[in-house]
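Student: Pasting in a structure now, in structure tokens, and then I'll have a few things to ask.
The values are calculated or read from the model by the stated rules, or taken from the named source; none is laboratory data. Computed from a prediction, not measured in an experiment: that's the story for all the values here. Ideal geometry is used to build each Cβ from the backbone, glycine not excepted, and the neighbour counts take in all protein chains shown.
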Amino acid sequence: MRRGDPQADGLGSPAPRRSLRERAALLYVAPAWIAMLAVFAIPLLFAAYLSLRSETLTSFLPGRFVGLQNYRGELTSPIFLDALRTTLILMAMALAIQLPAGLGLALVLHRELRGTRLFRSALLIPMLLTPVAVGLMWRFMFDADLGIIGWGLEQIGLHRIDWLGDPWPARWAIVIVDSWQAIPFVMLLCLAGLAGLPDAPFEAAIVDGASRWQVFRYVTLPMLAPVLLVVTMIRVIDSFKLFDILFILTRGGPGTATQTLGMLNYNVGFNFLATSRAAALGIVLTVLAMPVYVLWVRVTGRSR
Amino acid sequence: MARIVLEHVSKRFGDEVEAVRDVSLEIADGEFMVLVGPSGCGKSTILRILAGLEEVTQGRVLIGERDVTNLAPKERDVAMVFQSYALYPHMTVRDNLGFGLRIRRTDRAEIAERVTSVARILGLEPLLDRRPAELSGGQRQRVAMGRAIVRRPQAFLMDEPLSNLDAKLRVQMRAELARLHGRLGTTTVYVTHDQTEAMTLGHRVAVLRDGTLQQVDAPQELYARPRNLFVAGFIGSPPMNLLRGRVRGRFLELGTHRLPLGSRAELPDQTEVVVGIRPEHLRPADASDDHALVAPVEVVEELGSEVLVFARLDVEPARTEGGAELLAGGGALVCARLPAGSRFRPGTTIRLALDPAELRFFDPASEEAIPLRAAALGR
């Protein structure tokens, strides 16, 4: 041991104290860890266990170990593939509307014109409502016979649409309601992102001769890209989870036109009471969303 | 290159704040004009008005004989260097440099050639493929300069471009800026609150206070003949000593001290004045000096090449905004700039003598300089 080496010299007494501090720290975080284990890890592990068995709620007999049979069955079933396709279609439709609309609104509200504050507060209301209430509200409005939307269409000389009874109108209805709630959220994050950007590069671009569109294309958009990426990932994850609005509006119908993976999972578990198959589907859903989570962690980790 | 003219320009923000008040200024083609003044004096606003980032409330702006008052920034053909550099963080140095040209749809080959040439001038060649985050402060500053130069604009507008650099780098970049201007000869308007930058870089310096022009002159002129108390207190470091006094016949009375006015005895008896003395014009009195300012030394600053001695004189100081404010305590803290090796200790007494020809006089009421025949003849 060299003399004067602060680390070497410090080894004598502080080390045990530090380990005491570490132990205390562990003690403090333990409740959070235990809670996380109880509500997250244990159910997940239990679901994984269930997914390897043949449990159903329609039988009193205990199930047996069936290996990956549930997974094989689900992953190859046309219903699963159809639900996956529906999930991706709804996700694409939702993103195509929500990102441009949210960003556009944020750009308008960022300019602090007269009345923007009131407008901004009003825009946040949909975000604060319970999805189930929102679903019910829109279900009335979409009603083919009595809904105000149909009435509105008639007033401008168009035909009523059976929003929730035809496949594509039903998909659009879900995307519209989801967007109505999600656009304010996208807007809020974009607005926060815009507020965090320095003014100078924009002014530099203007003095450099850039038009408004060029400033947006070459400066705003790239500088806002990290925020947009995060927003996109949040919305993708939300799309995987989309359930409540669907449940109220269509329950996956008409037929299976709006049956997403989440809806299918619910139907298998609670309508067909096939517990183990539902567990397998749940695990599949988690794995499918995993790459987005990984990307999310990387992006947020990098920006930090 | 272009001449820049501001004609009776005013700028109001809302109803209360008048950032620029009736400023008229003519900047010659190829001139390096420095706008200097304390925070909030309106210097940056004037620069932004020139760039087109702010609209004028009143007045006209001409760049290269063209009235640009109502023209958008891109139609003014000026380039701006920002205090924060304002580099595009997502672009490489190469793209940052070429952005203005790309926007103007300049030919690709020409962009490449001009970017390379500017990078060579500024020593940025090895950094062309890096992003701003990977550059040091000095390198970023050079990229910001390069971005302005590469466009070959009619004028450069620089908003405190060196203020984010450390002291050593600032001195280096200052020299580089002067060299660049010598080489390019582009009309430059340079905003700073650092008077050393103002004095060393500017062909002429415009001193601003509360949105109004105080004096526009060559640096030496500004230093030697400040037009008012504000300029006197603002230009020079340490600032000019400004003391209240009274003319008594052929003498100047400063508190209990009496100094002969010699050749400067032009003012009527009993005139109240503020007298300005540059620190370098005070020297330790010797046996031949009949009259001297006798004061206890409070602070001694050894700067290596010189010694600053601060002595407490029982004279009323003149209050100015420009930095001549004196520390708490009665009387005025007078600064003398003495040659290296001068030995004075706090607590001892110093006798300071001066040449009356170096005195500057100001009217305490109007704060304007009192012109004297002798003053007009030189220092």
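Student: Go through the stretch B:96-118 residue by residue and tally those that are at the interface with another protein chain (Cβ under 8 Å from one of its Cβ atoms) and either farther than 20 Å from residue A:200 by Cβ or not β-branched (Val, Ile, Thr) (or both).
Tutor: Number of matching residues: 3.
Student: Among the listed residues A:253, A:282, identify the single one that is crowded, with 16+ Cβ neighbours inside 10 Å and modelled with pLDDT of 90 or more.
Tutor: The unique qualifying residue is A:282.
Student: Are any of the residues in the stretch B:207-220 surrounded by fewer than 23 Cβ atoms within 10 Å (Cβ to Cβ) and part of a helix (DSSP H, G or I)?
Tutor: Looking through the stretch B:207-220, at least one residue is surrounded by fewer than 23 Cβ atoms within 10 Å (Cβ to Cβ) and part of a helix (DSSP H, G or I).
Student: Considering each of B:75, B:55 in turn, give the residue that is charged (D, E, K, R) and farther than 30 Å from residue B:112 by Cβ.
Tutor: B:55
Student: Looking at (1) within 30 Å of residue B:239 (Cβ to Cβ); (2) over 19 Å from the mean Cα position of the chain (by Cα); (3) at pLDDT 95 or above, which is the one condition that is false for residue B:61?
Tutor: The number of the failed condition is (1).
Student: Something else: Conditions first: (1) touching a residue at least 40 places away in the same chain (Cβ under 8 Å); (2) touching a strand residue (DSSP E or B) at 6+ places or on another chain (Cβ under 8 Å). Residue B:69 passes all but one, so which condition is the exception?
Tutor: (1)
Student: Hey, another quick one. If you go through the stretch B:144-169 one residue at a time, how many are surrounded by fewer than 20 Cβ atoms within 10 Å (Cβ to Cβ), closer than 20 Å to residue B:87 by Cβ and charged (D, E, K, R)?
Tutor: 3
Okay, residues lined up against (1) touching a Pro at 6+ places or on another chain (Cβ under 7 Å); (2) more than 10 Å from chain B (Cβ to nearest Cβ); (3) closer than 27 Å to residue A:136 by Cα:
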residue	(1), (2), (3)
A:180	yes, yes, yes
A:195	no, yes, no
A:205	no, no, no
A:217	no, yes, no
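Student: Quick check, is residue A:247 more than 14 Å from chain B (Cβ to nearest Cβ), in contact (Cβ under 8 Å) with a residue 60 or more places away in the chain and surrounded by fewer than 18 Cβ atoms within 10 Å (Cβ to Cβ)?
Tutor: Values: more than 14 Å from chain B (Cβ to nearest Cβ): yes; in contact (Cβ under 8 Å) with a residue 60 or more places away in the chain: yes; surrounded by fewer than 18 Cβ atoms within 10 Å (Cβ to Cβ): yes.
The answer is yes for residue A:247.
Student: Mind checking whether some residue in the stretch A:132-144 is at negative phi, at pLDDT below 90 and surrounded by 14 or more Cβ atoms within 10 Å (Cβ to Cβ)?
Tutor: Taking every residue of the stretch A:132-144 in turn, at least one turns out to be at negative phi, at pLDDT below 90 and surrounded by 14 or more Cβ atoms within 10 Å (Cβ to Cβ).
Student: Turning to a different aspect of this structure: If residue B:60 satisfies all but one of (1) surrounded by fewer than 21 Cβ atoms within 10 Å (Cβ to Cβ); (2) assigned to a loop (DSSP other than H, G, I, E, B), what's the number of the condition it fails?
Tutor: Of everything listed in (1) surrounded by fewer than 21 Cβ atoms within 10 Å (Cβ to Cβ); (2) assigned to a loop (DSSP other than H, G, I, E, B), residue B:60 misses just condition (2).
Student: I'd like the full set of residues that are part of a loop (DSSP other than H, G, I, E, B) and closer than 14 Å to residue B:215 by Cα, limited to the stretch B:26-37.
Tutor: B:37
Student: Let me ask something additional. Only one of these is within 14 Å of chain B (Cβ to nearest Cβ) and more than 29 Å from residue A:298 (Cβ to Cβ): A:144, A:170, A:210. Name it.
Tutor: None of the other options fit; the residue is A:210.
Student: Further question: Would a scan of the stretch B:224-244 turn up a residue that is touching a strand residue (DSSP E or B) at 6+ places or on another chain (Cβ under 7 Å), farther than 30 Å from residue B:44 by Cα and assigned by TED's automatic domain parsing to the domain that holds residue B:333?
Tutor: Within the stretch B:224-244 (the criterion being touching a strand residue (DSSP E or B) at 6+ places or on another chain (Cβ under 7 Å), farther than 30 Å from residue B:44 by Cα and assigned by TED's automatic domain parsing to the domain that holds residue B:333), the answer is yes, since at least one residue qualifies.
Student: For the stretch B:152-170, what are the residues that are at pLDDT 90 or above and not acidic (Asp, Glu)?
Tutor: Answer for the stretch B:152-170, where residues must be at pLDDT 90 or above and not acidic (Asp, Glu): B:152, B:153, B:154, B:155, B:156, B:157, B:158, B:161, B:162.
Student: Separate question: So residue B:276 clears everything in (1) surrounded by fewer than 16 Cβ atoms within 10 Å (Cβ to Cβ); (2) touching a Leu at 6+ places or on another chain (Cβ under 9 Å) except one condition, right? Which one?
Tutor: (1)
Student: Could you list all residues from the stretch B:119-136 that are more than 13 Å from every other protein chain (Cβ to nearest Cβ), under 31 Å from the mean Cα position of the chain (by Cα) and surrounded by 15 or more Cβ atoms within 10 Å (Cβ to Cβ)?
Tutor: Hits for the stretch B:119-136 are B:119, B:121, B:122, B:124, B:135.
Student: Any residue at all in the stretch B:188-204 that's charged (D, E, K, R), in contact with a Gly (Cβ under 7 Å, 6 or more places away or on another chain) and touching a residue at least 60 places away in the same chain (Cβ under 8 Å)?
Tutor: No.
Student: I've got another one for you. Give the residues of the stretch B:225-243 that are in a helix (DSSP H, G or I) and under 14 Å from the mean Cα position of the chain (by Cα), sorted by residue number.
Tutor: B:230, B:231, B:232, B:233, B:234
Student: May I pose another question? For the subset of the stretch B:40-95 comprising residues that are polar (S, T, N, Q) and touching an Asp or Glu at 6+ places or on another chain (Cβ under 7 Å), which member is nearest to the other protein chains (Cβ to nearest Cβ)?
Tutor: B:83
Student: Which of the residues belonging to the stretch B:260-287 are part of a strand (DSSP E or B) and under 32 Å from the mean Cα position of the chain (by Cα)?
Tutor: B:272, B:273, B:274, B:275, B:276, B:277, B:282, B:283, B:284, listed by residue number.
Student: Would you confirm, using the coordinates I've provided, whether residue A:219 is in the same structural domain as residue A:108 (by TED's automatic domain parsing), closer than 30 Å to residue B:104 by Cβ and assigned to a helix (DSSP H, G or I)?
Tutor: So residue A:219 passes the test.
Student: Filtering the stretch B:305-346 down to residues that are among the basic types (Lys, Arg) and out of contact with any strand residue (DSSP E or B) (no Cβ under 8 Å at 6 or more places or on another chain), which residue is modelled with the highest pLDDT?
Tutor: Per the criteria, the residue is B:343.
Student: Condition check: over 23 Å from the mean Cα position of the chain (by Cα), more than 10 Å from every other protein chain (Cβ to nearest Cβ) and β-branched (Val, Ile, Thr). Does residue A:232 satisfy that?
Tutor: For residue A:232, the condition - over 23 Å from the mean Cα position of the chain (by Cα), more than 10 Å from every other protein chain (Cβ to nearest Cβ) and β-branched (Val, Ile, Thr) - is not met.
Student: Tell me, yes or no, whether the stretch A:220-238 has at least one residue that is surrounded by fewer than 19 Cβ atoms within 10 Å (Cβ to Cβ), at negative phi, modelled with pLDDT of 90 or more and among the acidic types (Asp, Glu).
Tutor: No, there is no match, as no residue in the stretch A:220-238 is surrounded by fewer than 19 Cβ atoms within 10 Å (Cβ to Cβ), at negative phi, modelled with pLDDT of 90 or more and among the acidic types (Asp, Glu).
Student: Looking only at residues in the stretch A:109-123 that are of a type outside the set (Lys, Arg) and surrounded by 13 or more Cβ atoms within 10 Å (Cβ to Cβ), which one is farthest from residue A:238 (Cα to Cα)?
Tutor: Among them, the one singled out is A:116.
Student: Regarding the stretch A:59-69, can at least one residue be identified that is surrounded by 12 or more Cβ atoms within 10 Å (Cβ to Cβ), hydroxyl-bearing (Ser, Thr, Tyr) and more than 24 Å from the chain's Cα centre (by Cα)?
Tutor: No, that holds for no residue.
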